[in-house]
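Have a look at the structure below before the remarks.
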Amino acid sequence: MAELEEEVDVLVQRVVKDINNAFKRNPNIDEIGVIPCPEARYNRSPIVLVENKLGVESWCVKFLLPYVHNKLLLYRQRKHWLDREALVDITCTLLLLNPDFTTAWNVRKELVQCGVLHPEKDLYLGMLALTKFPKSPETWIHRRWVLQQMLHQFFAVGESSKQQQQQQQQQQNGEAAQADGERSHQLSDHLARTLHQEMKVCSDAACRYPSNYNAWSHRIWVLQHMAKGNVKVFHDELSSMRLWVSMHVSDHSGFHYRQFLLNELITVLSHAAAPAVTAVTSSSPFCSGPVPGTVVPHSLSHAHANGELSGADTAAEDERQHSCTTVLQLFHQEMELCSDLIQSFPGHETLWSHRRHVFYLWHQWRREQQPHGSSNGGSRPIHRNDSDPGRPEVGDGSRAGRTESVNGQNHTGEPMEVDGVSSSDPHDSKRLKRGAPLPSATLPSEHGFVGGVLRGCCDPEQRRFALAYKKWLDTVIAQQPSSSSSDREDGGQGGGGDGGADLQPAAAAASSPLMVADSERKGSCADEVLHC
Amino acid sequence: MGTQVKDVIIKPDAPSLLILDKHADYIAAYGSKKDDYEYTLSEFLRMSGIYWGLTVMDLMDQLPRMNRDEIIDFIKACQHECGGMSASIGHDPHLLYTLSAVQILCLYDSVDAIDVDKVVEYVKGLQQEDGSFAGDKWGEIDTRFSFCAVATLSLLGKMDKMNVDKAVEFVLSCMNFDGGFGCRPGSESHAGQIYCCTGFLSLTGQLHQVNADLLGWWLCERQLSSGGLNGRPEKLPDVCYSWWVLASLKIIGRIDWIDKAKLRRFILACQDEETGGFADRPGDMVDPFHTLFGIAGLSLLGDEQIKPVNPVLCMPEDVLQRAGVQPDILS
């Protein structure tokens, strides 16, 4: 028995060494995997390196994993000493085999903290683990921690170089200041590269496992922490995702990501378009950090920096105009994409769910375009030709911005003023000259879309989703409390209200007889979902 | 062109009767066969594994078959200096396993076996300025951890030790347009996260902040033709999601909105008649995790051979009564 154990020990130590040598031999390994191979082949290492792929023969995994696992736990309990290099090697093998072993990632966090391990090495290890385990929650969690560390470092270096720069400028030492500027520039380049790499890791994992919640929520986190408010990055993401979602029409998480991008873009653009913007602060290193190289369009940061803009500032007016047009285009393109996909790929719940979200965002945004009270007199909603005939002209200002509590995306924190986009505005004509106004979605047009789908399609799933969407329009969108509850009594026919899904306290909702009726309706909706 | 159906088909010969004895034998034997490889592979979640096994045994009224003393000694050995509990000996402490440990001790009515004050300090120390909770000292934020924190503190009767208002504010900031919740602000709605967030709002007395009709709608749409529930659109049905969705519906008072008979049929079909235990889907390999959620789901559906389960904490109601914990449920 003891002899066998010793043999296993020797074997396993060799394999751990082989793995780490493989990484030294080829720093470009980009994928790992287990090679099905029930028995050892005489005198050959179970570690196989072909091109950039690292394989482990399956027979050795059952020896290898318990060995490295126990070694690390003994170290953690201070029963067995391991030097730093051995720790790096052992955790590497361990995590490639079992990436959800949290404690092993924590050991590596400590190694990063004391400077033994370069953070990028860990991003690389995580990337490899994700090629075999694309969902692994602990791997994604560790990545976020590593990225946070890198961001802190960037900030720290950026801050100190800024201080130095100031000192040096005082000393009129231009050359050194320039060198420092160079350094800052390199840092922001580095950050942009890291961001790009991170997006790629997320894409790969998303391709390996459909509707990969961890990969997509990580991607959102990355943008929130590394590119907040960065219009260019969000635009680029939106356009690069277009093809991806078209090829993954069942991937609800991928579509959710698009919804997130759209929401963020609209928030930023709406802020930019608001005539009286109070300076928007952002935690993004691109926007407000000491690291220069901001990618925020000049005019946008200009609008932010100035805070209040005078009405005579035509450049700012143009900017506002442009922002609004962009928002309109974004919505229009998204609804068009959604219609195309629904028609080309019938029977996908994901696509119908996407339609709900986009239409909901659109509906909210339009509500916020409505002037508050009557102070804006002549100003009208954008594209009033397209405006919902059943909708009151004067919006309910008191409810604008309510969605801030609806989701944490802060997309409607500040209701947008409409002066800049009203048709009475002199610049509006300029916009209109750029092309015909985009047809926008309205409740009737959505009902028309559903009707068209129902008429032209016999796919039972497609019909079921179309009917559910219709019901959603009737109950969630059209039946929202607008000015009085009487509006809701006869609702459900479409085109009635102006509200989005309003999250009023459920207790109040439950006590309302109307909501009981609603429940029955939804019960029947669910029945339909089940039985049709 | 046919579209791919994302559901399972329940075969006519699939199990349709509840085989409780087999499940109890399966769980009782589970811990004893320790294959080195399998054991190490899942050791990082051992404490939760024990909670799943013991809870399902208790729901089947078979808890005395488990080795109480050994388990309590194990839990004691997993408490760290900081007060937090780890999944196993030598692993690092985490909120996930702290909750599991406290749940197990409640099943055994032995919370005092560990240093409760230290646990409270640990949980409290993980709350962030914005009200969210980190899972451990390394700072990962997730609404799951908000749930773990309030569940732990409410089982210990120490909810007053945390900033409840701030915690609620954070969880509400993760609510989406569909009435659901994600792991962080801006994240996609997910049945598991919704369970955590509705459970959290129940324990903090804030269920009125949920739009029960809207959320109920989304949850109902998780039911597929097979009767099983999925966790997000176009995912396969799964016994564990069936629990999370069903429990959330129960918490917000909308459990009657789904077809219960069909769901029961789906859950029963996930049993393995030979080995005992439940799998995620009919015909797959069984495990203790799905066995707990299969049994708990059947309990919520009203099966009288099983003890009533609490939808918020996934523990037997009698245990919670003894502990003096009664989470809110919307009617």
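Some observations on this one:
- Single residue of B:ILE72, B:ILE27, B:ILE10 found to be over 22 Å from B:VAL111 (Cα atoms) and touching a Phe, Trp or Tyr at 6+ places or on another chain (Cβ under 7 Å): B:ILE10
- In segment B:183-203, the residues that are within 7 Å of chain A (Cβ to nearest Cβ) and within 16 Å of the chain's Cα centre (by Cα): B:CYS183, B:HIS190
- A:ASN98, sole failed condition from (1) more than 13 Å from chain B (Cβ to nearest Cβ); (2) touching a Leu at 6+ places or on another chain (Cβ under 8 Å): (1)
- Within segment A:48-64, being closer than 16 Å to B:GLU43 by Cβ and surrounded by fewer than 21 Cβ atoms within 10 Å (Cβ to Cβ) holds for A:VAL61, A:LYS62.
- Test: residue in segment A:106-117 that is of a type in the set (D, E, K, R), in contact with a strand residue (DSSP E or B) (Cβ under 8 Å, 6 or more places away or on another chain) and either touching a residue at least 60 places away in the same chain (Cβ under 8 Å) or within 14 Å of another protein chain (Cβ to nearest Cβ) (or both): no
- Residues satisfying the stated conditions in segment A:229-249, i.e. surrounded by 20 or more Cβ atoms within 10 Å (Cβ to Cβ), in contact (Cβ under 8 Å) with a residue 40 or more places away in the chain and of a type outside the set (Val, Ile, Thr): A:GLY229, A:ASN230
The rows are residues; the columns are (1) under 24 Å from A:PRO66 (Cα atoms); (2) in contact with a His (Cβ under 8 Å, 6 or more places away or on another chain); (3) aromatic (Phe, Trp, Tyr).
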position: B:LYS34; (1), (2), (3): yes, no, no
position: B:SER48; (1), (2), (3): yes, no, no
position: B:TYR51; (1), (2), (3): yes, no, yes
position: B:ASP58; (1), (2), (3): no, no, no
position: B:PRO64; (1), (2), (3): no, no, no
position: B:ALA77; (1), (2), (3): yes, no, no
position: B:GLY90; (1), (2), (3): yes, no, no
position: B:HIS94; (1), (2), (3): yes, no, no
position: B:LEU99; (1), (2), (3): no, no, no
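- Scope segment B:88-110; condition within 16 Å of B:GLY49 (Cβ to Cβ) and hydrophobic (A, V, I, L, M, F, W, C); matching residues: B:ILE89, B:LEU96, B:LEU99, B:ALA101, B:VAL102, B:ILE104, B:LEU105, B:LEU107
- Figure legend. Inter-residue proximity from segment A:128-157: first residues within 10 Å of chain B (Cβ to nearest Cβ), second residues small (Gly, Ala, Ser) and outside any helix (DSSP H, G or I), beta-carbon distance below 7 Å, spacing 6+ or different chains. Indicated pairs: A:TRP145/B:GLY139.
- Count of segment B:47-79 residues, restricted to those that are out of contact with any helix residue (DSSP H, G or I) (no Cβ under 8 Å at 6 or more places or on another chain) and on the phi < 0 side of the Ramachandran plot, is 7.
- Top-ranked residue of segment B:2-58 - restricted to ones that are among the aliphatic types (A, V, I, L, M) and closer than 30 Å to A:HIS348 by Cβ, ranked as farthest from the other protein chains (Cβ to nearest Cβ): B:ALA14
- Within segment B:302-331, residues that are in a loop (DSSP other than H, G, I, E, B) have Cβ atoms under 7 Å from residues that are buried (at least 19 other Cβ atoms within 10 Å of the Cβ) and at pLDDT below 95 in these pairs: B:LEU330/A:ALA506, counting only partners at least 6 apart in sequence or on another chain.
- In segment A:81-105, residue surrounded by the most Cβ atoms within 10 Å (Cβ to Cβ) [restricted to those that are closer than 20 Å to A:ILE19 by Cβ and free of Cβ contacts under 8 Å to residues at least 12 places away in the same chain]: A:LEU82
- Residues in segment B:278-287 that are under 19 Å from the mean Cα position of the chain (by Cα) and surrounded by fewer than 24 Cβ atoms within 10 Å (Cβ to Cβ): B:ALA279, B:ASP280, B:ARG281, B:VAL286, B:ASP287.
- For B:SER32, the conditions (1) out of contact with any Cys (no Cβ under 7 Å at 6 or more places or on another chain); (2) in contact (Cβ under 8 Å) with a residue 12 or more places away in the chain; (3) not aliphatic (A, V, I, L, M) are fulfilled apart from (2).
- Filter result (surrounded by fewer than 21 Cβ atoms within 10 Å (Cβ to Cβ) and within 13 Å of another protein chain (Cβ to nearest Cβ)) within segment B:256-277: B:ASP256, B:ASP259, B:LYS260, B:ALA261, B:LYS262, B:ARG265
- Lone qualifier among A:VAL327, A:VAL291 - being at pLDDT 85 or above, over 25 Å from A:ALA468 (Cα atoms) and buried (at least 16 other Cβ atoms within 10 Å of the Cβ): A:VAL327
- Among the residues making up segment B:255-268, those that are more than 21 Å from the chain's Cα centre (by Cα) and not charged (D, E, K, R) are B:TRP257, B:ALA261.
- Inside segment B:274-287, residues that are touching a strand residue (DSSP E or B) at 6+ places or on another chain (Cβ under 9 Å) and touching a residue at least 60 places away in the same chain (Cβ under 8 Å) make up a count of 6.
- Counting only residues that are within 17 Å of A:SER240 (Cα to Cα) and either crowded, with 19+ Cβ neighbours inside 10 Å or not charged (D, E, K, R) (or both), segment A:336-348 holds 3 of them.
- In segment A:349-364, residue surrounded by the fewest Cβ atoms within 10 Å (Cβ to Cβ) [restricted to those that are facing chain B (nearest Cβ under 7 Å) and farther than 11 Å from A:GLN259 by Cβ]: A:GLU349
- Positions within segment A:178-216 being within 14 Å of another protein chain (Cβ to nearest Cβ), in contact (Cβ under 8 Å) with a residue 60 or more places away in the chain and under 22 Å from A:GLN149 (Cα atoms), in sequence order: A:ASN214, A:ALA215
The values are calculated or read from the model by the stated rules, or taken from the named source; none is laboratory data. Nothing here was measured: the structure is a model prediction, and the numbers come from that model. Cβ: placed from backbone, ideal geometry, glycine included. Neighbour counts: every protein chain shown.
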